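Undergrad: Sending over a structure as structure tokens; questions will come in a sec.
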Amino acid sequence: MTLVGQPPPSQALKDALVLLAEGRPADGEATVKKAALAAKALHGSGSPPLARAYAEMARFHLRSGEPERAAKEFQHAASGAMPTDPQHRRDRLGFLFGYGAALAHLNRRDEAERVLRQCLTFATNLDGPKSALAALALVPLADVLMAAGKPAEGAKLAVEAYDALWKLGDPLFPAAVGARAEALKATGAKDDPFTDLADLPDEMAAEAVSTTLTRAGKGDPKRVRAVLADLLAFVDQKYGDGHALTSDAVAAVAHHEAAAGAKADEKVRKKAVRRAVWSYAVRRVPGGLMSDLEVGFEPGGGIHLAPHLTREPTAAEAAQIESVLAAAVDDLYARPA
């Protein structure tokens, strides 16, 4: 589900997520823990800066695939007396959104729904029932309802959030795009969920694409597969092959199928992996040497690549091809999942 309403990340969280992407989760965790200890020493227990630091630990653990730890940390960040400062109250709402998201990742859907309905009330009280914040609060609630087997109710809220944020022209709009796209798939609508993105400013369109890509590997596999297919078609047309967002979209398709397990579509995964590796490699190997690429998957989930060459390579060229293909796979795994 989409994680909404979070405060801007600190430098510590940014650094930690880079370390996580580099395959150094322990170093990333140490970075956010160090920041939390510093906040406690400087501001004390129960302070808003410490609460934000706990929530950043939670965001790191949610990203690293540890939703149970994230749930406890978000819950801790959202505990205690309600702050009086308006921004700290908004932060508290963000921590509650995070707690609901972590509960949803743990499949504790009844609890998640209860927390997210509290978030909707909280957001309405903060900014009013017609506000962008109240519309945003519908997004994670819609996700939980769809995951809980209530597609009609969830889809209604997702479309309502999308329409409200679109009419307001609010910068929060990108957060609603993915949920609404999945809602259309859940209800069998034939609309292209990404047509409107062509009318957005480039920065907002890119954010909508990036936010929607985070749905890979989550939710109903069939619905998310359909959403990602439509999104890839959109970025192909808007950005073209080789653009970072196009590469991210191709990687998201591959990651989604890898995470789907028995519900994966092997053909879709193979096509995405081949495109990702080919797009990366063909620009980096000697011109005309690689004519095709076969992709296979090992029992443990590893990727097996078999390049077709137009001629016998020299030793240096063979080493270069092997190095480039390894780097292509690393690039695929490093892209957001």
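Read-outs: derived from the displayed coordinates by stated rules, not from any lab. Here the structure is a predicted model, which is why all the values come from computation and not from measurement. Cβ sites come from the backbone with ideal geometry, for glycine too, and all protein chains shown count toward neighbours.
Undergrad: Of the numbered conditions (1) more than 30 Å from A181 (Cβ to Cβ); (2) in contact (Cβ under 8 Å) with a residue 40 or more places away in the chain; (3) hydroxyl-bearing (S, T, Y), Y280 fails exactly one; give the number of that condition.
TA: (1)
Undergrad: Assuming F194 fulfils every condition listed in (1) touching a residue at least 60 places away in the same chain (Cβ under 8 Å); (2) more than 20 Å from G5 (Cα to Cα) apart from one, which condition is it?
TA: Failing condition for F194: (1).
Undergrad: A327: of a type in the set (G, A, S) and in a helix (DSSP H, G or I), yes or no?
TA: Details: of a type in the set (G, A, S): yes; in a helix (DSSP H, G or I): yes.
When the stated conditions are applied, A327 passes them.
Undergrad: Is one or more of the residues making up segment 87-100 closer than 23 Å to A206 by Cβ, in contact with a Pro (Cβ under 7 Å, 6 or more places away or on another chain) and either in contact (Cβ under 8 Å) with a residue 12 or more places away in the chain or crowded, with 22+ Cβ neighbours inside 10 Å (or both)? Can you show your working first?
TA: Residues of segment 87-100 that are closer than 23 Å to A206 by Cβ, as a first pass: 94, 97.
With the extra rule that they be in contact with a Pro (Cβ under 7 Å, 6 or more places away or on another chain), the set shrinks to 94, 97.
Cutting the leftovers down to either in contact (Cβ under 8 Å) with a residue 12 or more places away in the chain or crowded, with 22+ Cβ neighbours inside 10 Å (or both) gives us 94, 97.
Yes, that holds for at least one residue.
Undergrad: What are the residue pairs meeting all of these: first residue in segment 239-255, first residue crowded, with 18+ Cβ neighbours inside 10 Å, second residue acidic (D, E), Cβ atoms under 7 Å, and 6 or more apart or on different chains?
TA: Note: pairs meeting the criteria are T246/D236.
To keep it simple, each residue is scored yes or no on (1) more than 22 Å from the chain's Cα centre (by Cα); (2) not charged (D, E, K, R).
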{"residue": "R114", "(1), (2)": "yes, no"}
{"residue": "P129", "(1), (2)": "yes, yes"}
{"residue": "L133", "(1), (2)": "no, yes"}
{"residue": "L157", "(1), (2)": "no, yes"}
{"residue": "E160", "(1), (2)": "no, no"}
{"residue": "F173", "(1), (2)": "no, yes"}
{"residue": "A181", "(1), (2)": "no, yes"}
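Undergrad: Here's another thing I want to ask about it. What are the residues in segment 1-51 that are over 27 Å from L141 (Cα atoms), of a type in the set (S, T, Y) and part of a loop (DSSP other than H, G, I, E, B), if any?
TA: If the condition is that a residue be over 27 Å from L141 (Cα atoms), of a type in the set (S, T, Y) and part of a loop (DSSP other than H, G, I, E, B), then S45, S47 are the ones that fit.
Undergrad: Please list, ordered by first then second residue, the pairs with beta carbon atoms under 8 Å, 6 or more apart or interchain, first in segment 115-139 and under 13 Å from A158 (Cα atoms), second polar (S, T, N, Q) and in a helix (DSSP H, G or I).
TA: Sorted first by the residue in segment 115-139, then by its partner, the pairs are A134/T124; A137/T124.
Undergrad: Here's something else I'd like to know. Residues in segment 151-159: is at least one crowded, with 21+ Cβ neighbours inside 10 Å, over 21 Å from A251 (Cβ atoms) and either in contact (Cβ under 8 Å) with a residue 40 or more places away in the chain or charged (D, E, K, R) (or both)?
TA: No: segment 151-159 contains no residue that is crowded, with 21+ Cβ neighbours inside 10 Å, over 21 Å from A251 (Cβ atoms) and either in contact (Cβ under 8 Å) with a residue 40 or more places away in the chain or charged (D, E, K, R) (or both).
Undergrad: Filter segment 18-46 for residues that are touching a residue at least 40 places away in the same chain (Cβ under 8 Å) and surrounded by 19 or more Cβ atoms within 10 Å (Cβ to Cβ) and give the result.
TA: The one that is touching a residue at least 40 places away in the same chain (Cβ under 8 Å) and surrounded by 19 or more Cβ atoms within 10 Å (Cβ to Cβ): L20.
Undergrad: Quick one: L165 ticks every box in (1) in a loop (DSSP other than H, G, I, E, B); (2) closer than 21 Å to F97 by Cα except a single one, so which number is it?
TA: It fails just one condition, (1).
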